[in-house]
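Structure record follows, encoded as structure tokens.
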Amino acid sequence: MKKFVLIIASILLGTGLMAQGLNIGLRGGLTTAKISTDLSENFASDNKLGYQGGAFVRLNFGKLFVQPELIYNHRSTKLEYTYKPVAELNGIQPTVGLDYSMKIGTFDIPVLVGFKLVDNKLFNFRIFAGPVVSFSTNKELSYEYVTGDGENFDLNESDGPLTVDDFNSSTWYLQAGAGVDVLFLTFDVRYEKGLSDLYSGKTVNFKSNVWVFTLGFKII
């Protein structure tokens with residue numbers, strides 16, 4: 001992680017010397033995260049609200065800009081696994097399920113490249129895209145088991161098929177979106193697609209896809 005940060009800092013220092021303008025600001029907002037998996041016939045994911053907040057630097061080159069950020073991100077999602085046992089009970093094939101509730105805290109470093117479709121002193125409209133590297137700081141995982149007769153009960157994290165140690169410490173995303181600046185206020189809508197797996201197991205792959213809605217303000 002230290003080497004990556006040093007490389008990014010060196011690139012930004014070089015581009016910063018060529019920038020025609022500089023903005024520094026803070027932003028925060030809400031996220032909705034959904035898990036995609038290669039076992040889609042058994043898994044379904046529900047969007048759950050999360051939150052994020054941090055700082056950004058915008059290096060302006062006319063209508064073009066480069067925007068690195070440092071963001072704390074709290075992702076929350078629910079993954080439902082259901083299957084039908086082979087045996088029937090009274091002529092009915094019951095459905096059995098296991099619900100995973102996941103909460104993951106990460107420090108994210110997006111590096112976005114964008115273009116201002118509309119640009120004046122009072123208002124601009126921007127589009128942008130770029131990679132995001134995400135480093136996990138804390139993870140929570142809980143289970144609820146659903147039996148064939150509909151009874152629910154909680155499991156300890158250590159009793160489930162996955163544990164927090166199964167999730168990777170770093171992941172990559174691709175982020176794209178659009179934003180509006182009005183005076184010193186800035187509003188963004190972004191979609192973040194997982195490029196690498198959250199889970200390091202060999203039998204199933206989990207990727208996180210996130211919608212992001214943020215409001216911020218420019219200090220400079």
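The values are calculated or read from the model by the stated rules, or taken from the named source; none is laboratory data. As the structure is a computational prediction, the values presented were derived from the model and not from experiment. Glycine gets a Cβ as well: all are built from the backbone with ideal geometry, and neighbour counts include every protein chain shown.
Looking only at residues in segment 197-214 that are surrounded by 15 or more Cβ atoms within 10 Å (Cβ to Cβ) and outside any strand (DSSP E or B), which one is modelled with the highest pLDDT? Please lay out each step first, then the result.
Keep residues of segment 197-214 that are surrounded by 15 or more Cβ atoms within 10 Å (Cβ to Cβ), which gives 197-199, 204-212, 214.
Still in the running and outside any strand (DSSP E or B): 197-198, 204-205.
On the way: Asp197: 83, Leu198: 79, Val204: 66, Asn205: 73.
The extreme case among them is Asp197.
Which condition from (1) farther than 28 Å from Val210 by Cβ; (2) modelled with pLDDT under 55 is the one that Leu155 breaks?
All conditions are met except number (1).
Pairs only if they're at least six apart or on different chains, beta carbon under 6 angstrom, first in segment 46-71 and over 17 Å from Tyr191 (Cβ atoms) and in contact (Cβ under 8 Å) with a residue 12 or more places away in the chain, second among the hydroxyl-bearing types (Ser, Thr, Tyr) and not in a strand (DSSP E or B); list them, first residue then second.
Going by the 6 Å Cβ cut-off, the qualifying pairs are Leu59/Thr15; Val66/Thr15.
Counting just the residues of segment 186-196 that are surrounded by fewer than 18 Cβ atoms within 10 Å (Cβ to Cβ) and in a strand (DSSP E or B), which one comes out modelled with the lowest pLDDT? Outline the logic, then answer.
Looking only at segment 186-196, we keep the residues that are surrounded by fewer than 18 Cβ atoms within 10 Å (Cβ to Cβ), and these are 187, 189, 191, 193, 195-196.
Remaining after also requiring in a strand (DSSP E or B): 187, 189, 191, 193.
Values: Phe187: 97, Val189: 98, Tyr191: 96, Lys193: 93.
Filtering segment 186-196 for residues that are surrounded by fewer than 18 Cβ atoms within 10 Å (Cβ to Cβ) and in a strand (DSSP E or B), the one modelled with the lowest pLDDT comes out as Lys193.
Would a scan of segment 136-146 turn up a residue that is at pLDDT 65 or above, surrounded by 15 or more Cβ atoms within 10 Å (Cβ to Cβ) and β-branched (Val, Ile, Thr)?
Within segment 136-146 (the criterion being at pLDDT 65 or above, surrounded by 15 or more Cβ atoms within 10 Å (Cβ to Cβ) and β-branched (Val, Ile, Thr)), the answer is no, since none of the residues qualifies.
Residue by residue, here is whether (1) surrounded by fewer than 17 Cβ atoms within 10 Å (Cβ to Cβ); (2) modelled with pLDDT of 90 or more; (3) not hydroxyl-bearing (Ser, Thr, Tyr) holds:
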site	(1), (2), (3)
Met18	yes, no, yes
Ala33	no, no, yes
Asp46	yes, no, yes
Gly53	yes, yes, yes
Arg58	no, yes, yes
Phe61	yes, yes, yes
Val66	no, yes, yes
Tyr72	yes, yes, no
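Phe217 versus (1) part of a strand (DSSP E or B); (2) modelled with pLDDT under 90: which is the lone unmet condition?
(2) is the only condition that Phe217 fails.
Return the pairs, sorted by first residue and then second, in which the second residue is of a type in the set (D, E, K, R) and modelled with pLDDT of 95 or more, the first residue lies in segment 170-185 and is closer than 12 Å to Gly25 by Cβ and assigned to a strand (DSSP E or B), the beta carbons are less than 6 Å apart, and the residues are 6+ apart or on different chains.
Gly179/Arg126; Gly179/Asp188
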